[in-house]
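Asks: Just passing along the structure, written as structure tokens.
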Amino acid sequence: MKTIPSLISIWLMLAIGLFGSNHTAFSRQVHSSWRAGVAKVDITPQESIWMAGYASRDHPSEGVRHAIWAKALVLEDAVGNLAVLVTTDLVGIRQELSLRIRDRLKHQFGLSRDQVILNSSHTHTGPETDYARYQFQLDEVQLGKIKKYAENLENKIVELVGNAMESLKPVYLYSENGVTRFQVNRRNNKEATLVHHNELNGPNDYAVPVIKVADQKGEMMALVFGYACHPTVLADYQISGDYAGFAQLELEKLYPGTTALFFQGAGADQNPLPRRSVPLAIQYGKALAASVERVLTEDMKPLTGNLSTAYAEIDLTFANPTPNREELLEITGSSSGYPEYLKQNANVLMSKLDKGESLITSYPYPVQAWKLGDQAIFAFGGELLIGYSIALKNIFGPDIFVMGYSNDVMAYIPTSTVLEEGGYEGTRSPIFTTPWASNIEERIIAEAVKLAEKVGIRSQEAPVTDQ
């Protein structure tokens, strides 16, 4: 007969095995053949630099509120399929830099386009990386700083992925969605009169997608989480990750030894409101972290099965012909009525024409789908509006994860409704004088459905069959 102390010891051992560590009490631990590696690198500028996000800025950064990071999570299934998620505290990685990074990842590690997601948080208090767009606005010193930073960033991200791949070890994976509600649809709720509103208007998607990566001892080593909302709480000249940066700091403080990776969702028409103070940025970061913490203390779905990845680029077209030099010259005129940053964009386009180059008549838009065990993940380029997340969840169910700002941040990606309504998000294509063609949403959703079929993601209506 067992003594009472020995029974207590057995109970304690069972409790430790069941509940694990890091407060992840209810994640069911099952046999897993996943491997994962995680790494992070500080990408904080080492000198004053031009900042991205607000066209009204008139001088470089003045300091650093907190460090900003690039982080990489490498996942491998039982048969050796690999996928790499890279998250960055940046406003976005544009086409040219993204292509260089992904080409090098292919050359050095054999990673194809479908295996890599480069996501940016879209913080508006981060450094600029696209020096070409400022060639007629900034002096050579400032342009040189942007170019140097972008080159260093490219090298750091490639090295980062290599470090994460070298750290692969057996893990357990879990996923779930939380919720938090500080996003506000900025098209349907005027910030200036927000205090007088008794009710906010949508559309919205308040989901907080979470993936937990735990080692064989149950210790959490990585945490992926997202939210669909512009990081525009702050608008000063201090480098930071805005609310998303504060959320990552809070989670890494709550769970020592864990790398927290934030990804931006379809937040292009969502703002954190009210805003414009550091305490609010900290508050929203803590609110987001609290949502993740709640998910981690409840029952999470263990991910079993294999990894499937797919990627495509579709040539999105524009509503109107691309402008000629005379039209661009008219835009740059002092009485044109266009804001200064659009005039500068027109100068950049004119310089291309002056060099004998042609302006684009379509744009290669990236669409991506991953099936991580039972978890469906979609990733899209550009500033994706919330309507895409809602549309995809209507097709594939509420548990899917939707990322915007991935692989190439070139312009706003409006839904057909917003395109018809017009306004800021409806008119900002890569050729800013003309909006996207009216079939943009139809084509993007159709491509996402096609990639979903390719990787085995079923729609809600699709029958479940034994495999």
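Asks: So which residues in the range 169-199 are surrounded by 14 or more Cβ atoms within 10 Å (Cβ to Cβ), modelled with pLDDT of 95 or more and over 23 Å from the mean Cα position of the chain (by Cα)?
Replies: Scanning the range 169-199 gives Val171, Tyr172.
Asks: Given the structure, is Ser459 out of contact with any helix residue (DSSP H, G or I) (no Cβ under 8 Å at 6 or more places or on another chain), touching a residue at least 24 places away in the same chain (Cβ under 8 Å) and of a type outside the set (A, V, I, L, M, F, W, C)? Steps first, please.
Replies: Numbers: out of contact with any helix residue (DSSP H, G or I) (no Cβ under 8 Å at 6 or more places or on another chain): no; touching a residue at least 24 places away in the same chain (Cβ under 8 Å): yes; of a type outside the set (A, V, I, L, M, F, W, C): yes.
No.
Asks: Here's a follow-up. Of the residues that sit in the range 214-264 and are buried (at least 24 other Cβ atoms within 10 Å of the Cβ) and among the β-branched types (Val, Ile, Thr), which one is farthest from Ser56 (Cα to Cα)?
Replies: That would be Val224.
Asks: Still on this model: Does Asp130 satisfy the condition of being among the acidic types (Asp, Glu) and either part of a helix (DSSP H, G or I) or over 21 Å from the mean Cα position of the chain (by Cα) (or both)? First the steps, then the outcome.
Replies: Numbers: among the acidic types (Asp, Glu): yes; either part of a helix (DSSP H, G or I) or over 21 Å from the mean Cα position of the chain (by Cα) (or both): no.
Considered against the rule, which asks whether it is among the acidic types (Asp, Glu) and either part of a helix (DSSP H, G or I) or over 21 Å from the mean Cα position of the chain (by Cα) (or both), Asp130 comes out as no.
Asks: A further question follows. Here are some conditions: (1) modelled with pLDDT of 95 or more; (2) touching a helix residue (DSSP H, G or I) at 6+ places or on another chain (Cβ under 9 Å). Gln375 meets all but one. Which one does it not meet?
Replies: The failed condition is (2).
Asks: Given the criterion at pLDDT 95 or above, under 28 Å from Pro203 (Cα atoms) and more than 20 Å from the chain's Cα centre (by Cα), identify the matching residue among Leu261, Leu288, Leu280. Show your work before the answer.
Replies: Numbers: Leu261 fails: more than 20 Å from the chain's Cα centre (by Cα); Leu288 fails: more than 20 Å from the chain's Cα centre (by Cα).
Matching residue, one of Leu261, Leu288, Leu280: Leu280.
Asks: Within the range 187-205, can you find the residues that are out of contact with any helix residue (DSSP H, G or I) (no Cβ under 9 Å at 6 or more places or on another chain) and outside any helix (DSSP H, G or I)?
Replies: Filtering the range 187-205 for residues out of contact with any helix residue (DSSP H, G or I) (no Cβ under 9 Å at 6 or more places or on another chain) gives 188-199, 201.
Within the range 187-205, Asn188, Asn189, Lys190, His197, Asn198, Glu199, Asn201 qualify.
Asks: Looking at the range 102-110, can you tell me whether even one residue there is modelled with pLDDT of 95 or more, within 19 Å of Gly37 (Cα to Cα) and assigned to a loop (DSSP other than H, G, I, E, B)?
Replies: Checked against the condition, which is being modelled with pLDDT of 95 or more, within 19 Å of Gly37 (Cα to Cα) and assigned to a loop (DSSP other than H, G, I, E, B), the range 102-110 yields at least one hit.
Asks: Take the residues of the range 46-100 that are within 19 Å of Ile377 (Cβ to Cβ) and among the polar types (S, T, N, Q): which is surrounded by the most Cβ atoms within 10 Å (Cβ to Cβ)?
Replies: Thr88
Asks: Now for a separate question. Kindly provide the set of residues from the range 113-144 that are touching a Ser or Thr at 6+ places or on another chain (Cβ under 8 Å) and either surrounded by fewer than 21 Cβ atoms within 10 Å (Cβ to Cβ) or not assigned by TED's automatic domain parsing to the domain that holds Ala83 (or both), ordered by number.
Replies: Let us first name the residues in the range 113-144 that are touching a Ser or Thr at 6+ places or on another chain (Cβ under 8 Å), namely 114-115, 117-121, 123-127, 135-136.
If the condition is that a residue be touching a Ser or Thr at 6+ places or on another chain (Cβ under 8 Å) and either surrounded by fewer than 21 Cβ atoms within 10 Å (Cβ to Cβ) or not assigned by TED's automatic domain parsing to the domain that holds Ala83 (or both), then Asp114, His124, Gln135, Phe136 are the ones that fit.
Asks: Still on this structure, please answer the following. Every residue in the range 244-265 that is among the aromatic types (Phe, Trp, Tyr) and either part of a strand (DSSP E or B) or under 20 Å from Phe401 (Cβ atoms) (or both), please.
Replies: Here is the first cut: in the range 244-265, the ones among the aromatic types (Phe, Trp, Tyr) are 246, 255, 262-263.
Those that are among the aromatic types (Phe, Trp, Tyr) and either part of a strand (DSSP E or B) or under 20 Å from Phe401 (Cβ atoms) (or both): Phe262, Phe263.
Asks: For the range 152-163, state whether one or more residues are surrounded by 23 or more Cβ atoms within 10 Å (Cβ to Cβ) and more than 30 Å from Glu62 (Cβ to Cβ).
Replies: yes
Asks: In the range 285-325, which residue that is in a loop (DSSP other than H, G, I, E, B) and among the polar types (S, T, N, Q) is surrounded by the most Cβ atoms within 10 Å (Cβ to Cβ)? Break it down stepwise before answering.
Replies: Initial filter on the range 285-325 (in a loop (DSSP other than H, G, I, E, B)): 297-300, 303-306, 319-324.
Then keep just the ones that are among the polar types (S, T, N, Q); that gives 297, 304, 306, 320, 322, 324.
Details: Thr297: 15, Thr304: 16, Asn306: 16, Asn320: 11, Thr322: 18, Asn324: 11.
Checked the range 285-325; the qualifying residue surrounded by the most Cβ atoms within 10 Å (Cβ to Cβ) is Thr322.
The values are calculated or read from the model by the stated rules, or taken from the named source; none is laboratory data. Quick caveat, the model's predicted, so the values are computed rather than measured. Neighbour counts are summed over all protein chains in view; Cβ atoms, including those assigned to glycine, are modelled from backbone coordinates with ideal geometry.
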